[in-house]
Amino acid sequence: MLHHIPKELAGDAAGLFFVLWACAGFAAWMVRRYGARWGAVDLASRTGFVMLLFALSVAGFITQP
């Protein structure tokens with residue numbers, strides 16, 4: 001009746017968008033900062049993908065209750 005479920009889904013989608021956006025920015029920063037040392041050419045390389053997974057795992061740890 002009060003549309004709580006669609007509001008919750010919209011809020012979760014918006015929150016997830018910003019978390020993933022921040023993770024992509026953090027991973028891109030790590031590629032620029034440590035890419036030459038770790039062998040990452042850009043974020044689309046295998047090492048860049050590992051950096052993105054690292055950023056996602058850090059975000060997952062921070063956002064857990």
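The values are calculated or read from the model by the stated rules, or taken from the named source; none is laboratory data. Note that the coordinates shown come from a computational prediction; the quantities given were computed from them, not determined experimentally. Cβ placement follows ideal geometry from the backbone for every residue including glycine, while neighbour counts extend to all protein chains displayed. What goes into the accessible areas is simple: the full protein's heavy atoms, side chains included, and nothing from ligands, DNA or RNA. Shrake-Rupley method; radii C 1.70, N 1.55, O 1.52, S 1.80 Å.
At 1.4 Å probe radius, can you tell me the per residue accessible area of the chain in Å²?
I get 81 Å² per residue for this part.
Which residues does the label zone of VAL58 cover in segment 14-31, counting backbone N under 19 Å from a point 7 Å along Cα→Cβ?
Answer for this model: 16-31.
Quick one: grab Rg to one decimal and Dmax as a whole number for the chain, Cα atoms only, in Å.
Cα only, the chain: 15.5, 56 Å (Rg, Dmax).
Got a number for carbon plus sulfur as a percent of the chain's accessible area, 1.4 Å probe?
72
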